[in-house]
Amino acid sequence: MDRCGNGMLLETDVIVAGAGPVGTVAALNLVRRGLSVVLLEAGPDCAHDLRASTFHAPTLEMLDELGVAGKILEEGLRAPVYHYRERRTGEYLAFDMSEIADVTRFPFRIQCEQHVMARHVASVLLEQPGADVRFNHRVVWFEQDEDTVTVAAETPFSIQKLRARYLVAADGGNSIIRKWLGTEFEGFTYPEKFLTLSTTLELRDFIPDLAYVNYVSDPEEWLVLLRVPRAWRILVPADPDLDDRALLSDEKRDLVFKNLIGRTGVETIHRTIYRVHQRVARRFAHGRVFLVGDAAHLNNPLGGFGMNSGIHDAWNLCERIARALESGHDEASFEQFDRQRRTVTHNFIQAQTIENKELLEHGGATSHELRMERMRKIHADPVARREFLLRQAMFTSLKEAAAVE
């Protein structure tokens, strides 16, 4: 510990709140730069969250730079091809990421549950000098002055206070830090619920030529079919007027699988209901406190952008924090972080996920067909197809962010 400008003890350089994929990557990035970090997590372990499961190529490059991509590459499924499928006709358009192998060492998606990566990175952190990982420490309050941030963390038996130069809030969509900051979380919540069913039944035995990642359009009930290492996940929109008990019932399960593969009684290993939001914080940078990941923005899961964009937030921010601790606090640099990540969140992440949902969702048959025809034209045009691949792989969003002054 050293002393800060007001003479009080400074426990660490940076406090990171939240040991999900974004928080663990931010902490490891900072430690790799020679900084001391305390990572605080409210739960007894990294959250067992099943929602995010897609790692895009730029994210894999970042993880590889930190020396932790191997675990994901080893345990995850490589998905170089993904499909946009028409449910009623069986037509599908295959998008092959090998076409952008000239821009990345990882021309594929990795399908792997986010908690696998978060726990692996946390275990690596525990071995690093300068890293202090504290589970069962829930951030409940903070205050900042010109030089430091003081954080109060609730443990099972006490309230502990820590002081650092900076605080990174990766504490999720219900971020207490964002709430204390009082920044608006602008946007909307979709009226429908989303239902996810997981099964070990091999869906490829019922649906010909199924890829590991499939976006299935239909005017009445769209769906997403994703393969993760241990199961298939089926995501469908659900009637918001039905209570959760009905949506999680065997009757609802049977209806979904009967419509999908003509079978009932399919065993599921997991059933989840959640609401989906499109929201962005009005500001990501607040003096010495920064919002990243779900604390800063929420979007629907179509495209797998949420977790990945959060890691990209952290990547952008950590370099600036390291530079500030070496050369002095630079408000202009953090303002640029705010502009870059908020701009790309609005212009790409939010816009693209909304567009992806509109492509799949219910609507008039005419508008549905027009959307499918647009996808056919993109698929048939090599230039448009490459642009689409780079956009969906998130290379375009990183390029657009870097261009913001």
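The values are calculated or read from the model by the stated rules, or taken from the named source; none is laboratory data. Just so it is clear, the model here is predicted, and its values are computed rather than measured. Heads up, the Cβs are rebuilt from the backbone with ideal geometry, glycines too, and the neighbour counts pull from every protein chain shown.
A few remarks follow.
- So residue 227, is it in contact (Cβ under 8 Å) with a residue 12 or more places away in the chain and within 18 Å of the chain's Cα centre (by Cα): yes
Here's the yes/no breakdown for (1) buried (at least 21 other Cβ atoms within 10 Å of the Cβ); (2) under 16 Å from residue 37 (Cα atoms):
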residue: 142; (1), (2): yes, no
residue: 167; (1), (2): yes, yes
residue: 180; (1), (2): no, no
residue: 187; (1), (2): no, no
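- Residue in region 389-404 that is touching a strand residue (DSSP E or B) at 6+ places or on another chain (Cβ under 7 Å) and at pLDDT 90 or above present: yes
- Whether a residue is in contact (Cβ under 8 Å) with a residue 12 or more places away in the chain and polar (S, T, N, Q) was assessed, and residue 249 does not pass this test.
- Of all residues in region 189-211 being charged (D, E, K, R) and within 26 Å of residue 277 (Cβ to Cβ), the one that is surrounded by the most Cβ atoms within 10 Å (Cβ to Cβ): 193
- Within region 237-274, considering residues that are of a type in the set (A, V, I, L, M, F, W, C), in a loop (DSSP other than H, G, I, E, B) and modelled with pLDDT of 90 or more, the one farthest from residue 111 (Cα to Cα): 248
- Per this entry, residue 157 is not counted among residues that are modelled with pLDDT under 95, within 22 Å of residue 293 (Cα to Cα), surrounded by fewer than 18 Cβ atoms within 10 Å (Cβ to Cβ) and of a type in the set (A, V, I, L, M, F, W, C).
- In the set 96, 132, 102, 171, only one residue is buried (at least 22 other Cβ atoms within 10 Å of the Cβ) and at pLDDT 95 or above; that residue is 171.
- Restricting region 162-187 to residues that are part of a strand (DSSP E or B) and over 18 Å from the mean Cα position of the chain (by Cα), the residue that is nearest to residue 225 (Cα to Cα) is 186.
- Scanning region 123-164 for residues that are more than 16 Å from residue 16 (Cβ to Cβ) and acidic (Asp, Glu) gives 127, 143, 145, 146, 147, 154.
Results for (1) within 17 Å of the chain's Cα centre (by Cα); (2) of a type in the set (S, T, N, Q); (3) modelled with pLDDT of 90 or more, shown as yes or no for each residue.
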site: 303; (1), (2), (3): yes, no, no
site: 307; (1), (2), (3): yes, no, yes
site: 311; (1), (2), (3): yes, no, yes
site: 321; (1), (2), (3): no, no, yes
site: 327; (1), (2), (3): no, yes, yes
site: 332; (1), (2), (3): no, no, yes
site: 338; (1), (2), (3): no, no, yes
site: 344; (1), (2), (3): yes, no, no
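- The single condition among (1) in contact (Cβ under 8 Å) with a residue 60 or more places away in the chain; (2) in a strand (DSSP E or B); (3) not hydroxyl-bearing (Ser, Thr, Tyr) that residue 234 does not meet is (1).
So that you can scan it fast, the table gives a plain yes or no per residue for (1) closer than 20 Å to residue 268 by Cα; (2) surrounded by 17 or more Cβ atoms within 10 Å (Cβ to Cβ); (3) aromatic (Phe, Trp, Tyr); (4) out of contact with any helix residue (DSSP H, G or I) (no Cβ under 8 Å at 6 or more places or on another chain):
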| site | (1), (2), (3), (4) |
| --- | --- |
| 213 | yes, yes, no, yes |
| 224 | yes, yes, no, no |
| 228 | yes, yes, no, yes |
| 232 | yes, yes, yes, no |
